Amino acid sequence: MYAPGGNQPKVLQMQLLSVYFNLATRRINAGTGLGSRAATALGLTNVRDAALYAQATLALTVDSSTRSRYDAITGVLDDINNHKRLVY
């Protein structure tokens, strides 16, 4: 899964898997708040919301209308995995 390269769905899948690992190791919890502008713009208040939004995004095909959605949630998950803009 973590092999280099890939398209938008693969990158999002890797970020989501990393969130699950961070949850499993208790580095974060599902109720950890999000303080980024991107998360606020998407209506995401905590890690749980972000994971559910990522799952819903992965159910969509990548095309010109969904590309920005993929980019936005991938950025939010990247912030979560790098422990940036989290509100405890």
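The values are calculated or read from the model by the stated rules, or taken from the named source; none is laboratory data. This is a predicted model, so every value here is computed, not measured. So basically every Cβ, Gly included, is an ideal-geometry build from the backbone, and we count neighbours across all protein chains shown. Remember, those area values only see protein heavy atoms, side chains included, never the ligands or the DNA or RNA. Shrake-Rupley method; radii C 1.70, N 1.55, O 1.52, S 1.80 Å.
Remarks
- Inter-residue pairs, beta-carbon under 7 Å, first farther than 28 Å from T61 by Cα and hydroxyl-bearing (S, T, Y) and in the stretch 13-41, second open to solvent by less than 40 Å² (accessible area, probe 1.4 Å) and modelled with pLDDT under 95, 6+ apart: T32/L86
- Residue check, G43 in contact with a strand residue (DSSP E or B) (Cβ under 9 Å, 6 or more places away or on another chain) and either at pLDDT 95 or above or surrounded by 17 or more Cβ atoms within 10 Å (Cβ to Cβ) (or both): no
- Residues located in the stretch 46-67, provided they are within 18 Å of Q13 (Cβ to Cβ), hydroxyl-bearing (S, T, Y) and loosely packed, with under 15 Cβ neighbours inside 10 Å: T61, T66
- In summary, helices (runs of 4 or more DSSP H) completely within the stretch 8-88 and bearing 3 or more residues that are among the hydroxyl-bearing types (S, T, Y) occur at 67-81.
- The C-beta contact set for the stretch 62-88 (first residue free of Cβ contacts under 8 Å to residues at least 24 places away in the same chain, second residue buried (at least 17 other Cβ atoms within 10 Å of the Cβ), distance under 7 angstrom, 6+ apart or interchain) comprises R69/T57.
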